[in-house]
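Taken together, the values in this text are just the output of simple stated rules run on the coordinates, not laboratory data. Being a predicted model, the structure only gives us computed values, none of them experimental. Don't worry about glycine lacking a Cβ; one is built from the backbone with ideal geometry, like all the others, and counts go over all protein chains shown.
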Amino acid sequence: MKYVLLFCSPAGGEEQSPAEHADDPRFAAYFEEVRAGRVTGGARLRPATDATTVRVRGDEVLLSDGPFAETKEYLAGIAFIDVADLDEAIALAARHPAASDGGSVEVRPVWE
């Protein structure tokens, strides 16, 4: 089954670069484990402050800086996984450092 893991970080928290994640042994161990054929794609996202939100109202395109809503957490990254079932997806999500660093990992099935 295919799922997407949505990694959320606390708003206002320290933003780590991909290089800092690579140097963090918790992330290195997690990435080594999950890259064993179960992760099919994904990306680390820039901070929510770098976002641009686009809305269309009638013929007008409206732009605003930042995320679409004020939240306590922001979407920091995504990973697509191919696993046997929801239990395996949850087990992977629970081992991600974001789940224990004050953030969360949302597990969502992908339409097939």
Legend entry - Sum of -39500 (n - 2.57) over DSSP H runs of 4+, divided by residues of the chain (222 nm, nearest 500): -7000 deg cm²/dmol
Legend entry - Nitroxide proxy distance, nm - points 7 Å out along Cα→Cβ at L62 and S100: 4.3
Inset, instruction - Using θ = phi - 60° and the Karplus relation 6.51 cos²θ - 1.76 cosθ + 1.60, list the HN-Hα couplings for region 73-86 in order, rounded to whole Hz, with x at every Gly or Pro. - result: 10, 9, 6, 9, x, 9, 9, 9, 10, 10, 10, 5, 6, 4
Legend entry - A29-V110 FRET efficiency (beta carbon distance; Förster radius 25 Å; 0.05 resolution): 0.45
Inset, instruction - Would you mind computing, in nm to one decimal, how far apart the modelled labels at H21 and A84 are, each placed 7 Å from Cα along Cα→Cβ? - result: 2.7
Inset, instruction - Would you please put 86-98, 53-65 in order of how densely packed they are, using the mean number of other Cβ atoms within 10 angstrom per residue and starting with the highest? - result: 86-98, 53-65
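Which is the longest part of the chain that has none of the chymotrypsin sites (Phe, Trp or Tyr not before Pro) sitting in a DSSP loop with at most 16 other Cβ atoms within 10 Å?
Working: sites that count: F68, W111.
That would be 1-67.
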